[in-house]
Amino acid sequence: MELEKVHLLRILQMPGGTSEILLRGEKNGTHTELFYTEGLVCVKRNVQGVKHTRLVPLNNVQSMEEYGGVKTQTAETRGSKRSTVESGKASSGRGSNKAKKG
């Protein structure tokens, strides 16, 4: 299946630069193709005429978007490893006006 966009959990070294979000198409002289096959995301890049292929396991993928705009997520990454504070679901507690005990 051809993918439009892949958001990774961490920054991985990719030919043509490091990335956290991989987009299909051409940018800055690097042509990128994204495919999902057998539990892996296949990243094919052509960097200034040199072809590179990387296989990214699903445990490094936060979300994927199929070509055509359908967003899917892997079962492992539906529950984010980030805390509720980091993901913006809870306030950090900084600047609280609660009375101090003692």
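Any read-out appearing in this document is the output of simple, stated calculations on the displayed coordinates, not a laboratory observation. These figures come from a predicted structure and were not determined experimentally. Cβ atoms come from the backbone with ideal geometry, glycine included; neighbour counts cover every protein chain shown.
General remarks:
- Rough spin-label spacing in nm, given labels placed 7 Å along Cα→Cβ, for Lys27 and Tyr67: 1.8 nm
- For the pair Glu38 and Arg54, the difference between a 0.36 nm per residue extended length and the Cα-Cα distance amounts to 4.4 nm.
- Neighbour-count order for Lys44, Lys5, Lys51, fewest beta carbons within 10 angstrom listed first: Lys51, Lys44, Lys5
- With q set to 0.12, 0.16 Å⁻¹, the log10 of I(q)/I(0) for the range 2-62, from the Debye formula over equal scatterers at the Cα positions, is -0.24, -0.43.
- Asn46/Glu2 FRET efficiency (R0 22 Å; Cβ-Cβ; nearest 0.05): 0.85
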